[in-house]
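One structure below.
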Amino acid sequence: MRTVAVIPARYASTRFPGKPLVDINGKTMLQMVYEEAAACKGIDEVIVATDDERIMAAAKACGARAVMTGEACRSGTDRVAEAVSDVDADAIINIQGDQVIMDRQAVAGMIQALASGCPMVTVAAPATPEDAQDPNTVKVVIALSGEALYFSRCPIPFARNAGHLAMLKHVGLYGFSRETLFRFTRLAQTPLEMTESLEQLRALENGIPIKVVISEGKFFEINTPEDRERLIKQWPA
């Protein structure tokens, strides 16, 4: 199985414009994500997918293969699909362009799940009490089979009887079989997806099972300038 990781990277960002190019201890954020992805066991190639010449230049400067995608892409997943349309890949891992630190073991688990025949896979990790109340932190509940039942910005499940399970937060990495990726991007947006503003619900509403790998390692993503400052303080050069 040939596995390709794609990093969708846009210059425009409401909360942090130009963040793929911000400096973090002498490297761009894009370079940090690229190096993390390239170090993951089982990934055969890493591609940066962008719609901006500045990001294209930065990707090439750090040795990454970069693909220019169209401005009409509705989401990062659409950008990923366009980037691999002519690429030899059996499985595709969508790595968010702000995921500067990731649990490589969890990524390896995603690749193993795809190799075993899962059409789609993602990652979850234990949620903190702060995560539970933060609508920007997506929560997930899973079946005994290990497949996702639902994702929400609300704290789920409601703990009517506490102590039976720990709340999980969703980590925004996705793995797809090639067939599933292109099927997913051809589907129309769905009612739950539009209500919660979570594209993974489109898969569940259309009967595409999503395997969830539980991570015990570190993840860190940069959404705001404050996140960048916090990362520099926690992991100084």
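No lab work stands behind these numbers, since they all come straight from the coordinates. All figures in this text were calculated on a predicted structure; none of them were measured in a lab. All Cβ positions, glycine included, derive from the backbone under ideal geometry; neighbour counts span all protein chains shown.
Some notes on this structure:
- Among the lysines of the chain, pairs that are 8 or more positions apart or on different chains and have alpha carbons within less than 23 Å of each other number 17.
- With viscosity 0.692 mPa s and temperature 37 °C, the Kirkwood radius over alpha carbon pairs of the chain converts through Stokes-Einstein to a diffusion coefficient of 181 µm²/s.
- Relative to the current alpha-carbon distance between Glu205 and Asp23, full extension at 0.36 nm per residue lengthens the span by 61.6 nm.
- Label point at Ser116 placed 7 Å out along Cα→Cβ; residues across region 180-221 whose backbone nitrogen lies under 12 Å: 211-214
- Normalising the average separation of contacting C-alpha pairs (under 8 angstrom, six or more residues apart) by the number of residues puts the relative contact order of region 1-98 at 42 percent.
- The modelled label-to-label distance between Ala166 and Gln133, using points 7 Å beyond Cα along the C-beta direction, is 2.1 nm.
- Virtual spin-label span in nm between Arg153 and Gln105, 7 Å along Cα→Cβ: 3.3
- Averaging the Cα positions of each part gives two centres, and for region 147-215 and region 42-66 these lie 28 Å apart.
- Most simply put, the chain has about 55% antiparallel DSSP beta bridges, counting only bridges with both residues inside it.
- Placing unit charges on the Cβ atoms of the charged side chains and taking the dipole of region 1-98 about its Cα centre, the candidate lying farthest along the positive direction among Ala58, Val22, Ala89 is Val22.
- Of the DSSP H helices in the chain, those whose Cα atoms cover at least 15 Å axially and whose Kyte score averages 0.5 or more: 104-115
- Dipole check for region 1-98: with +1 at the C-beta of Lys and Arg, -1 at the C-beta of Asp and Glu, and the Cα centre as origin, the magnitude is about 300 Debye.
- Taking the Cα centre of the chain as origin and assigning +1 to Lys and Arg Cβ atoms and -1 to Asp and Glu Cβ atoms, the resulting dipole is close to 240 debye.
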